[in-house]
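What follows draws every value from the coordinates through simple rules; no lab data is involved. Small disclaimer: the values here were computed from a predicted structure and weren't measured. With ideal geometry, Cβ positions are generated from the backbone for all residues, glycine too; neighbour counts draw on all protein chains shown.
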Amino acid sequence: MQGADTLRDVVRDYALETLADLDAVRVIDEAGFLKQGKSSCGVGRQYTGSAGSPKRGAFAAGITHCRIGVFTTYVSRHGHAFTDRALYLPKAWTDDPARMAAAHVPDGVGFATKPRLARRMVERAITVGVPSAWVAADTVYGVSELEMALRRAGTGYVLGVKGNPPRRHAPRATMHPPSPRHRLVALAESTPSHRPTLTYETKPATVML
């Protein structure tokens, strides 16, 4: 694990030599990797948007055997690159010490939600001084400890949140500007023919896009 984390840091630092920018955005999202069997670390029957047929319904279509990784992508005007990653381990794994040992999972690794994995990646980036103004993520991370960590760090964020009550064709997002910046004028593209310009003030807000 230590060797893998060292390589992660080398890749991050190499990418930042070219991409670093104070106005950059760190984008957090998960990805599924289809996998059969029971031995591959983290494999299990779980949701991933990488699988399934839309004809069966968006969620049901994506339930399959796979492994899930949570990733951070660094995006700036110079380009973009992956800079961090974490393997999601379902409780079926973390509650089975023998299975964890057989897969060579380091001692002390326990269950962590995807938002917690994302929070740890954000904290690593803050610790080493990765320059950026914003963090963006979808509804998996919207109302969670990730938001609290970003607030404490004074980092701007745009996080998706689930509508309540749900509204068709009305995704929601919560936004908070970076400190000490005060405004963001963002172009929200919902359809090719409808591109409203949204202005966000200093207070956190939930907006309909």
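A compact table of results
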{"quantity": "Rough spin-label spacing in nm, given labels placed 7 Å along Cα→Cβ, for Thr94 and Cys41", "calculated": "1.5 nm"}
{"quantity": "Normalised contact order of the range 68-177, rounded percent, pairs of Cα under 8 Å and 6 or more residues apart", "calculated": "18 percent"}
{"quantity": "Overall form of the range 118-161 per C-alpha gyration tensor (a/c, 1.5; a/b vs b/c)", "calculated": "prolate"}
{"quantity": "Met148-Arg120 pseudo-label distance in nm [points 7 Å out on the Cα-to-Cβ vector]", "calculated": "1.8 nm"}
{"quantity": "Which of Val10, Val70, Val130 has the fewest Cβ neighbours within 10 Å, and the rest in rising order", "calculated": "Val10, Val130, Val70"}
{"quantity": "Extension gain from Ala103 to Ala31, taking 0.36 nm per residue of separation minus the Cα-Cα distance", "calculated": "23.9 nm"}
{"quantity": "The range 64-70 - phi-based ³J(HN,Hα) in whole Hz, Karplus 6.51/-1.76/1.60, Gly and Pro as x", "calculated": "7, 6, 6, 10, 10, x, 9"}
{"quantity": "Length gained when the stretch Leu7-Ala20 is fully extended (0.36 nm per residue, less Cα-Cα span)", "calculated": "2.8 nm"}
{"quantity": "Normalised contact order of the range 4-125, rounded percent, pairs of Cα under 8 Å and 6 or more residues apart", "calculated": "25 percent"}
